[in-house]
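The values are calculated or read from the model by the stated rules, or taken from the named source; none is laboratory data. This is a predicted model, so every value here is computed, not measured. Cβ coordinates were reconstructed from backbone atoms using ideal geometry, including for glycine residues, and neighbour counts include every protein chain displayed.
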Amino acid sequence: MMDTKTNIPNNTEMTPVISLKGVSKWYGDFQALSNIDLEIRLKEKIVICGPSGSGKSTLIRCLNRLEAHQEGTIHVSGIELHERMKDIDVVRQDIGMVFQSFNLFPHLTVLENCMAGPNWVRGVDKSKAKERAIAMLEQVKIPEQADKYPEQLSGGQQQRVAIARSLCMQPKVMLFDEPTSALDPEMVAEVLDTMIELAKSGMTMICVTHEMGFARQVADRIVFMADGEIVEQNSPEEFFNNPQHERTKVFLDQILK
Amino acid sequence: MFVDTVIEDKALHKPAFLIGLSLTVLAIFFALNFTNSLFGEFLRPVIGDPTESGFFGRFAVSLVLTIIFVLNLFAISFFKLKVQVAIVWLELFLLFLAFAYSFDLKMSFIQSRIPLMITRGLFTTIYISAISIVLATVIAIIGAIAKLSNNGFAYAISSFYTSLFRGLPLLLQLFLIYKGLPQLGFMVDAVPAAITALSLCYGAYMTEIFRAGIQSIPKGQWEASRALGFKFNLILRKIILPQAVPIIIPPTGNQFIAMLKDSSLASVLGVWELMYLAKTLGARDFRHMEMLLTAAMIYWALTIVLEVIQARIEEKYKQKS
Amino acid sequence: MNIKFGLKKATIVLTAALLSVNMSAKAGAVYDYIKANNELMIATDANWAPFSYIDDDGVMQGFDVEVGREIAKRMGVEARFITPDWDVITAGNWNMRWDVSVGSMTPTASRSEVLNFPAVYYYTPAAFAVHTDSPITTLAGLNGKNVCTTAASTWEMYLQGNLDMLDAPAFTYDVTPGTITSLKDGSMCADDTRLGAGVRNDGFIDSVPMIQGLIEAGYPVRFLGDPAFHEPLSLATDLGNDDPELDAELARIIAEMQSDYSLSLLSIQHFKNADGSSEDYTVAY
């Protein structure tokens, strides 16, 4: 069921699907990102964590160019992201994003939210788009809500719809920007479960999150950021049991209390 | 209104308030002096000839009026909200009718002229307003998008336009168009001049309304759309504008209602719309109030129709979500 | 986007159509154009009974209107009436919106800077009027008072002391008001006056037939003193689009109507006094 409209080259598992070299970003005088070097390969699950203001959200939003970096280079599937690039929308079609505040389209039903991308952007005809939408809604386990409007759903359900909506575009990479931070505790689990299933199915995932249990279970690599820099990155066991930097230790103390 | 859960004692049930109100109203009625009106006539048995009743007569009339007024308010305060509204509307409407009646109008005068007022006057007013409304809306959509764009030309033209056409009185704009354009070589008749002035003037106000409506859609909607790979036109058309519509409906409805009334300015150019006929149909017999009041009722009725339509549309959007 | 484009296109076409209605300018000889279109466009303010007004069926009536119709008939074309405000007509620069004004306009020096006056067709006296209960009994009593009049009219010029009529009988400025209230038309002055002497104004000035009509309609007003001046009332054409042929034709027709008494007949039909007698204002005095 792949669309043929994308012209992003296929990647092998060895070349990085996303690579950042020397990336820096300023908001006015304030430096949000400092000389970031990062590589992400296909099928990798990356968790980015750190104290607030560390630049983790900024970093992930630079990956689909919702934010613009001023220095350094970012390559996605071999295409460089920069101010004058053509076809940013085509690149974005291959990157799914899930937001902290869900950002579902309130005037469309759940089903229509999921059909919007394939039908309007990729030109997939309505019945195929609907099939795919229902399939994705089943994958996130809420197919029965298809004809409801977002405001009729709980927070956890809305976030799962958001995930399904992104999946309908069959992206290569999924970005998660604090997906459970705005949810009530009892709904966090259902969203994390969905994300774990997604990870198991082989999706490349980059998650900014505070959920350390999830990180331990799913991540291939944990990237710790503070003050706009990557302080350290490691496998989960090493990261939690053997933090290298003082900053990391302070953070872990606070968050695992 | 988001009413509080605790109900206060009604002001009208407190003795202190009632007394204060009564004294104020008494003073007002006394100052206005209704002795020479109908009420004075009613009280003839008590005060004698109204014109010669002096202080006593004036005081008596004011006292009676005060008692009627305060008792009326007091009685109404016992009813439920909806009933109160209905009663007060009815009383205000009757007062308005009394006002109209006091002019000693000839109904036959109105009857003979009403067909012309409706077939010519009302028809012209509606058709001028309708075309202007459509044009103003088109201008507003273009203007709002231009004002929100990154294109220097678009932004400059749009902001200049809204500044200029909100900066001049509509009547002045009408004259500038009617008298000015022909001198530049563009001949324009009265009706097109009126439509142009109305469309441009209200288009400017509506541009601001549309712009604010579009801007009020949260940034997250833009981000989610962009993240899915939507292009600008698609985002605007399918995501932003549909959400902006329920927001802009109340202020836009206001503008439409105002445009309906401002079409009356075309009368200055001699167009035979409602206002013009209201003024001139009385000329032959030197009776003006009949036609003016008739036009007033027609304008009011038209406005109420528009208000009802607006309320229905707002309801429909509330139900949708 | 289909419906939206359709709508956008439609409105653009509609606007262009509306704006272009008269873009095909009447060039050159106005008279030729009138003949070619078989239509004489006559401008007159419809707020002046008994000179021009609208009846219940939307048909123009009145002395000026009848004269206009007769002129068109003798010119061999149809008459079409346009009703702009009086001050729009007197301002000139008609831009060929209409061909002639049959509106009882008095030729003055200032007006002849923008208009031509091809033919005088009648004369009326102008007079002052006050409320029936007014304490004022002579014209001198209005000196320093508030007098109402019509804006852009010869009566306003009289009050201002700069009435520069062409070919009119001599007159004197018998009233120097303290305040001049200029309104859109005479009936507005009358409505203000009827409220009482000194309430909104102390009196007003208008043409005698008009005041006569007001008295007949039951307005509580009366004439004050003798007529202030007599004014010749003329047809007018635009100086901007000067057409001597049209002016000559209009003059010829008026002369014809005077010699065969049809003009007098119209006057007698429309100008009646309170006692039932009629006035023939078309005779020069």
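Inside segment C:46-61, can you point out the residues that are facing another protein chain (nearest Cβ under 8 Å) and not in a strand (DSSP E or B)?
C:Ala46, C:Asn47, C:Ala49, C:Pro50, C:Asp55, C:Asp56, C:Asp57, C:Gly58
Residues checked against (1) within 12 Å of chain C (Cβ to nearest Cβ); (2) farther than 20 Å from B:Ala244 by Cα; (3) in contact with a Leu (Cβ under 6 Å, 6 or more places away or on another chain):
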{"residue": "B:Val134", "(1), (2), (3)": "yes, no, no"}
{"residue": "B:Asn151", "(1), (2), (3)": "no, yes, no"}
{"residue": "B:Lys179", "(1), (2), (3)": "yes, yes, no"}
{"residue": "B:Gly185", "(1), (2), (3)": "yes, yes, no"}
Check your understanding: Given the conditions (1) surrounded by fewer than 23 Cβ atoms within 10 Å (Cβ to Cβ); (2) more than 14 Å from chain A (Cβ to nearest Cβ); (3) of a type outside the set (Gly, Ala, Ser), which single one is not true for B:Val271?
Key -> (1)
Check your understanding: Do we have any residue at all in segment C:60-82 that's in contact with a Pro (Cβ under 8 Å, 6 or more places away or on another chain) and of a type outside the set (Val, Ile, Thr)?
Key -> yes
Exercise for review: Give the residue that is farthest from the chain's Cα centre (by Cα), with candidates limited to residues of segment B:6-27 that are closer than 12 Å to B:Phe69 by Cα and β-branched (Val, Ile, Thr).
Suggested key: B:Thr24
Exercise for review: For A:Val98, state whether it is more than 8 Å from chain B (Cβ to nearest Cβ), crowded, with 17+ Cβ neighbours inside 10 Å, more than 30 Å from A:Val23 (Cα to Cα) and not hydroxyl-bearing (Ser, Thr, Tyr).
Suggested key: no
Review point. Going through segment B:125-147 one residue at a time, which ones are polar (S, T, N, Q) and buried (at least 21 other Cβ atoms within 10 Å of the Cβ)?
Key: B:Thr125, B:Ser129, B:Ser132
Check your understanding: Residue check, C:Pro227 against (1) under 26 Å from C:Tyr173 (Cα atoms); (2) part of a helix (DSSP H, G or I), all met but one. Which one?
Key -> (2)
Study note, to complete from the structure: Selection from segment B:276-302 of residues within 13 Å of another protein chain (Cβ to nearest Cβ), without any contact (Cβ under 8 Å) to a residue 60 or more places away in the chain, of a type outside the set (Val, Ile, Thr) and assigned to a helix (DSSP H, G or I) yields B:Lys279, B:Leu292
Review point. In segment B:216-275, how many residues are of a type in the set (Asp, Glu) and touching a residue at least 12 places away in the same chain (Cβ under 8 Å)?
Key: 2
**Study point:** Matching residues, segment C:177-197, being surrounded by fewer than 21 Cβ atoms within 10 Å (Cβ to Cβ), of a type outside the set (D, E, K, R), at pLDDT below 90 and not in a loop (DSSP other than H, G, I, E, B)
**Key:** C:Met188
Review point. Would segment C:165-176 turn up any residue that is touching a residue at least 60 places away in the same chain (Cβ under 8 Å) and assigned to a helix (DSSP H, G or I)?
Key: no
Exercise for review: Could you list, in sequence order, all residues of segment B:124-149 that are in a loop (DSSP other than H, G, I, E, B) and either hydrophobic (A, V, I, L, M, F, W, C) or farther than 18 Å from B:Arg237 by Cβ (or both)?
Suggested key: B:Leu148
Study note, to complete from the structure: Every listed condition ((1) in contact with a Phe, Trp or Tyr (Cβ under 9 Å, 6 or more places away or on another chain); (2) over 29 Å from A:Thr180 (Cβ atoms); (3) within 14 Å of chain B (Cβ to nearest Cβ)) holds for A:Gln70 save (3)
Check your understanding: Can you name the helices (runs of 4 or more DSSP H) wholly within segment A:195-257 that have at least 1 residues being hydroxyl-bearing (Ser, Thr, Tyr)?
Key -> A:246-255
Point to revise | Tally of residues being at pLDDT 90 or above, of a type in the set (A, V, I, L, M) and surrounded by 22 or more Cβ atoms within 10 Å (Cβ to Cβ) across segment B:166-195 | key: 4
Practice item. Could you please find all residues in segment B:222-258 being small (Gly, Ala, Ser) and under 23 Å from A:Ala162 (Cβ atoms)? Key: B:Ala224, B:Ser225, B:Ala227, B:Gly229, B:Ala244
Check your understanding: Residues of segment C:67-103 being away from chain B (no Cβ under 14 Å) and assigned to a strand (DSSP E or B), which ones?
Key -> C:Glu78, C:Ala79, C:Val100, C:Val102
Practice item. Could you run through segment C:263-282 and say how many residues are modelled with pLDDT under 75, out of contact with any helix residue (DSSP H, G or I) (no Cβ under 7 Å at 6 or more places or on another chain) and of a type in the set (A, V, I, L, M)? Key: 0
Check your understanding: Would a scan of segment B:26-47 turn up a residue that is within 19 Å of B:Ala75 (Cα to Cα) and not aromatic (Phe, Trp, Tyr)?
Key -> yes
**Study point:** Sole exception among (1) farther than 21 Å from A:Ile36 by Cβ; (2) at pLDDT 90 or above; (3) not β-branched (Val, Ile, Thr) for A:Leu256, by number
**Key:** (2)
Exercise for review: Of the numbered conditions (1) touching a helix residue (DSSP H, G or I) at 6+ places or on another chain (Cβ under 9 Å); (2) modelled with pLDDT of 95 or more; (3) surrounded by fewer than 21 Cβ atoms within 10 Å (Cβ to Cβ), B:Phe160 fails exactly one; give the number of that condition.
Suggested key: (1)
Revision key, fill the gap. Those residues of segment C:51-74 which are buried (at least 22 other Cβ atoms within 10 Å of the Cβ), within 20 Å of C:Glu39 (Cβ to Cβ) and either without any contact (Cβ under 8 Å) to a residue 60 or more places away in the chain or aromatic (Phe, Trp, Tyr) (or both) amount to C:Ser52, C:Ile54, C:Asp64, C:Val65, C:Gly68, C:Ala72
Point to revise | Unique residue being within 14 Å of chain B (Cβ to nearest Cβ), out of contact with any strand residue (DSSP E or B) (no Cβ under 7 Å at 6 or more places or on another chain), part of a helix (DSSP H, G or I) and within 22 Å of A:Met195 (Cα to Cα) when the list is A:Ala162, A:Ala182, A:Ala133 | key: A:Ala133
